[in-house]
Amino acid sequence: MARGPRKAETSTSIGGLDAPARSGVAERSQAKLTDRDLERLLEFERVERERLYRTSPIWAAHRKRLLCVCLGQGSALHLIDGRNGIKDFDA
């Protein structure tokens with residue numbers, strides 16, 4: 001049985017980022033990404049992937065073929081260099 005994030009962990013803040021500003025201009029967070037942040041992102045990804053497996057025949061056909069899950073673009077660079085800042089997460 002798939003479980004989502006625990007209720008106490010449903011905040012939209014990860015790595016010092018809250019949900020995007022209503023102005024449409026996202027500010028960059030300089031907060032350090034922690035292991036807990038990465039674990040929460042991985043849980044969000046897992047929940048979304050399970051949803052796709054349930055709702056898409058194409059995704060369902062690839063259920064046993066997961067190669068990797070990775071953090072991408074600016075947030076990945078920030079994890080490495082700590083200077084880029086995080087605007088959003090591409091996973």
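Any chance region 75-88 includes a residue that's surrounded by 15 or more Cβ atoms within 10 Å (Cβ to Cβ), modelled with pLDDT under 90 and closer than 29 Å to E27 by Cβ? Looking for residues that are surrounded by 15 or more Cβ atoms within 10 Å (Cβ to Cβ), modelled with pLDDT under 90 and closer than 29 Å to E27 by Cβ, one finds none in region 75-88, hence no. Taking region 36-67 as the range and being acidic (D, E) and under 15 Å from F89 (Cβ atoms) as the test, the residues that pass are D37, E39, E43, E45, E48.
Modelled with pLDDT under 90, touching a Ser or Thr at 6+ places or on another chain (Cβ under 8 Å) and charged (D, E, K, R) - does that describe any residue in region 23-42? Looking for residues that are modelled with pLDDT under 90, touching a Ser or Thr at 6+ places or on another chain (Cβ under 8 Å) and charged (D, E, K, R), one finds none in region 23-42, hence no.
The values are calculated or read from the model by the stated rules, or taken from the named source; none is laboratory data. The structure presented is a predicted model; accordingly, all values stated were derived computationally and were not measured. Backbone-built Cβ (ideal geometry, glycine too); neighbour counts: all protein chains shown.
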